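Scroll down for the structure; my scribbles are underneath it.
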Amino acid sequence: MKLRDIISPFYAWKRAFEKPFTIMRPRKDREGAPAYRGFHINDLGKCVGCGTCEAICQNAAIDMVEIPGQETKRGDSGLRPSIDYGRCCWCALCVDVCPTTSLGMSNEYNWISDDGEDWVFIPGGDQKPWDMSEKGYRSTDESWLIEPARASMRFVKPDIRRKNFDEMMLGYTTETALEEAARCVECGLCIEACPTHMDVPQYIRAIRDQDLEEGLRILYDTNPFSESCGRVCTAHCETACPVGAQGRPLAIRWLKRYITDNTLDIRDSILETEDIPATGKKVAILGAGPAGLTAGFYLSHYGHEVRVFEQEDKPGGMLLSGIPEYRLPDEVIAREIKVIEDAGVEIKTGVRIGKDISARRILDDYDAVFISVGAQVGTDMPVEGNDLPAVHIGLDFLDRISKGERPDIGKKTIVVGGGNTAMDVARSAVRLDSEVEVVYRRSEKEMPANVEEVEEAREEGVVFNFLTTPEKITESGGRLQITCRRMRLGEPDSSGRRRPEAIEGSGFTIEADTCVMAIGQKVEDEIAREAGIKLNKWGNFDADPERMTTNIDGVFAGGDCETGPNDAVGAIGTGKKAAWSINEYLSGR
């Protein structure tokens, strides 16, 4: 032992008699600098519980927890960050990455408590004096870690695309796909929002890893129409994306398309079905639209023998007959149906139930039946003149287009309606070299059509006449005379939208060559009547929304014939749910 080792403790003891460097009581009268990183604040109304703050914290100081009274809803997990100041290093990365900018830091640095548990608290949930502080640290445009703008996709310019039915969106390049995929914060709020619950964060991660084979497997785990949905999905996931709070939400639909576009030549080998033990059970599916074919795809993977009956000459349902090729080319649908057939699903087309084979016989011959016949009957307005030759139903018009017809509709076309079908009709009419005006009885705000569809229609020259409704149609000199009336919005109706009310003395006439009514669809009830299946008050098949069961044992219903007219991904979601429920039924569970 050295002498220094003996003397050193006395040097330490002498400090006990010196003036202390610390103070007896904390200073409360000195405010932190205006931008000081003090205790956290959180605007619970803006926070969506995405957990990005928890994910980026390198000290594991943040946990996402439930708090009383916080509602869980689409795009909001209901969880909120809880911060442990025993671990927090005040780096503010959680603030800089917060997609909604709800999380910030006050400039308060004094917090005196005898209870050590106080150091774990929920900003905004546990009331603190600094909750309303305007000072402290907030993210700025310069410090925010997420790129607010989405990578743009190549597309055909409006003046060119309005002259043909060729596909208008051209897909992501590898460079733009990687750029866009880098914006994903992997929160997973999109999974709950998607009707088929696709694992969006994982397939976007596969893009970042440039492992598209894995990306394709993830897509088909939950959606056999991933290539179609990459083009025409209504993207509920994007409405839930928290990145959209301060910029454009992630282009999830386009990233999905990128995977399918770049795996065409290896798709068959990746999705090849391994030998699945047969259960010996037979399932009939009525209707080869997205709901029926999705159910068939997953039922075949359960090992059941599946046969699909379709009255049209080609399978595809509304994907084929209701969506024009400039948005969804026929070859895309054909490729996806091949995957479904390769999985073991047999599709019999040109078979009309009730004429070529009775519904009763199908019920007797199969262990379970899934009805997914869609809502294929278009409706018109009960106005005088709706039966004139130049007045058409929207679905019938689109069906003719899908079959390759290019009717001469004259120089001017009026489209009645404000939904996606109306937009498809209007944009198809533009491509038939007609001047197109959309007449809608509510304002643009109440339009059910996708905003993107409306914007693209405008780009192609479609004119909108809002708060207007037709009252009578006559024909004079070879042209239609459409008498219209101006409307104003009253109180909300049962749909939550404000009810349109006619304005007296506001009538006027629009002259046109063609009028297409795209105002709604309904379900054919022939199968229901023959098989004794109950319909609900809207004329749709009455099925349990969770198990898709009807009043007939072993008979299930889903898709548009059960929900009413819906989007494609909604139909795919019910088909997937029906497959699970039918398998449970056939398994005796």
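Which ones in the range 89-130 are touching a helix residue (DSSP H, G or I) at 6+ places or on another chain (Cβ under 8 Å), farther than 11 Å from I41 by Cβ and modelled with pLDDT of 90 or more?
L93, C94, V97, C98, P99, T100, T101, listed by residue number.
Which one is most open to solvent (accessible area, probe 1.4 Å), of the residues in the range 494-512 that are more than 20 Å from P382 (Cα to Cα) and of a type outside the set (G, A, S)?
Going through the qualifying residues, I end up with R498.
Name every residue in the range 142-181 that is within 21 Å of the chain's Cα centre (by Cα) and in a helix (DSSP H, G or I), in order of residue number.
A177, E180, A181
Given the conditions (1) within 17 Å of Y326 (Cα to Cα); (2) open to solvent by less than 30 Å² (accessible area, probe 1.4 Å), and given that E405 satisfies all but one, which numbered condition is not satisfied?
Result: E405 passes all but (2).
Do you know which residues across the range 492-534 are of a type outside the set (V, I, T), within 30 Å of L432 (Cα to Cα) and part of a strand (DSSP E or B)?
Across the range 492-534, the qualifying residues are F508, E511, A512, C515, M517, Q521, K522.
Just checking, how many residues over the range 564-589 are open to solvent by less than 50 Å² (accessible area, probe 1.4 Å) and either under 25 Å from the mean Cα position of the chain (by Cα) or of a type in the set (V, I, T) (or both)? Walk me through how you get there before you give the answer.
Keep residues of the range 564-589 that are open to solvent by less than 50 Å² (accessible area, probe 1.4 Å), which gives 564, 567-575, 578-579, 581-584, 586.
Restricting the remaining residues to those that are either under 25 Å from the mean Cα position of the chain (by Cα) or of a type in the set (V, I, T) (or both) gives 564, 567-575, 578-579, 581-582.
So the answer is 14.
Considering only the range 270-279, state which residues are in contact (Cβ under 8 Å) with a residue 12 or more places away in the chain and either among the acidic types (D, E) or assigned to a loop (DSSP other than H, G, I, E, B) (or both). Full working, then the answer.
At the first step, the residues of the range 270-279 found to be in contact (Cβ under 8 Å) with a residue 12 or more places away in the chain are 270-273, 276-279.
Those that are in contact (Cβ under 8 Å) with a residue 12 or more places away in the chain and either among the acidic types (D, E) or assigned to a loop (DSSP other than H, G, I, E, B) (or both): L271, E272, T273, I276, P277, A278, T279.
Could you list, in sequence order, the residues of the range 385-402 that are in contact (Cβ under 8 Å) with a residue 40 or more places away in the chain and surrounded by fewer than 18 Cβ atoms within 10 Å (Cβ to Cβ)?
As a first pass, look at the range 385-402 and keep what is in contact (Cβ under 8 Å) with a residue 40 or more places away in the chain: 385-386, 388, 390-395, 397-399, 401-402.
Within the range 385-402, N386, L388 meet the criteria.
Would you check which residues across the range 303-341 are among the hydroxyl-bearing types (S, T, Y) and touching a Phe, Trp or Tyr at 6+ places or on another chain (Cβ under 9 Å) and list them?
Of all residues in the range 303-341, those among the hydroxyl-bearing types (S, T, Y) come to 321, 326.
Listed by number, the list holds a single entry, Y326.
Give me the pairs, please: first residue somewhere in the range 341-355 and assigned to a loop (DSSP other than H, G, I, E, B), second residue anywhere and open to solvent by 80 Å² or more (accessible area, probe 1.4 Å), beta-carbon distance under 6 Å, and either six or more positions apart or on two chains.
Qualifying pairs under 6 Å: G350/D313.
Going by the conditions given, is R327 assigned to a loop (DSSP other than H, G, I, E, B), of a type in the set (K, R), open to solvent by 30 Å² or more (accessible area, probe 1.4 Å) and in contact (Cβ under 8 Å) with a residue 12 or more places away in the chain? Before you say what the answer is, go through the steps one by one.
Values: assigned to a loop (DSSP other than H, G, I, E, B): yes; of a type in the set (K, R): yes; open to solvent by 30 Å² or more (accessible area, probe 1.4 Å): yes; in contact (Cβ under 8 Å) with a residue 12 or more places away in the chain: yes.
In short, yes.
So is I519 under 14 Å from A375 (Cα atoms), β-branched (V, I, T), open to solvent by 20 Å² or more (accessible area, probe 1.4 Å) and out of contact with any Pro (no Cβ under 6 Å at 6 or more places or on another chain) or not?
Details: under 14 Å from A375 (Cα atoms): yes; β-branched (V, I, T): yes; open to solvent by 20 Å² or more (accessible area, probe 1.4 Å): yes; out of contact with any Pro (no Cβ under 6 Å at 6 or more places or on another chain): yes.
It is true that I519 is under 14 Å from A375 (Cα atoms), β-branched (V, I, T), open to solvent by 20 Å² or more (accessible area, probe 1.4 Å) and out of contact with any Pro (no Cβ under 6 Å at 6 or more places or on another chain).
Scan the range 82-98 residue by residue and report those that are assigned to a loop (DSSP other than H, G, I, E, B) and more than 30 Å from the chain's Cα centre (by Cα). First the steps, then the outcome.
Narrowing the range 82-98 to residues assigned to a loop (DSSP other than H, G, I, E, B): 85-92, 98.
Across the range 82-98, the qualifying residues are Y85, G86, R87, C88, C89, W90, C91, A92.
Does L489 satisfy the condition of being assigned to a strand (DSSP E or B), open to solvent by less than 70 Å² (accessible area, probe 1.4 Å) and in contact with a helix residue (DSSP H, G or I) (Cβ under 8 Å, 6 or more places away or on another chain)?
Values: assigned to a strand (DSSP E or B): yes; open to solvent by less than 70 Å² (accessible area, probe 1.4 Å): yes; in contact with a helix residue (DSSP H, G or I) (Cβ under 8 Å, 6 or more places away or on another chain): yes.
It is true that L489 is assigned to a strand (DSSP E or B), open to solvent by less than 70 Å² (accessible area, probe 1.4 Å) and in contact with a helix residue (DSSP H, G or I) (Cβ under 8 Å, 6 or more places away or on another chain).
Which condition from (1) outside any helix (DSSP H, G or I); (2) at pLDDT below 95 is the one that K445 breaks?
If we test K445 against (1) outside any helix (DSSP H, G or I); (2) at pLDDT below 95, just (1) comes out false.
The values are calculated or read from the model by the stated rules, or taken from the named source; none is laboratory data. As the structure is a prediction and not an experimental result, all values here were calculated from the model. Ideal geometry is used to build each Cβ from the backbone, glycine not excepted, and the neighbour counts take in all protein chains shown. In case anyone asks, the SASA skips ligands and DNA or RNA and just uses the protein heavy atoms, side chains included. Shrake-Rupley method; radii C 1.70, N 1.55, O 1.52, S 1.80 Å.
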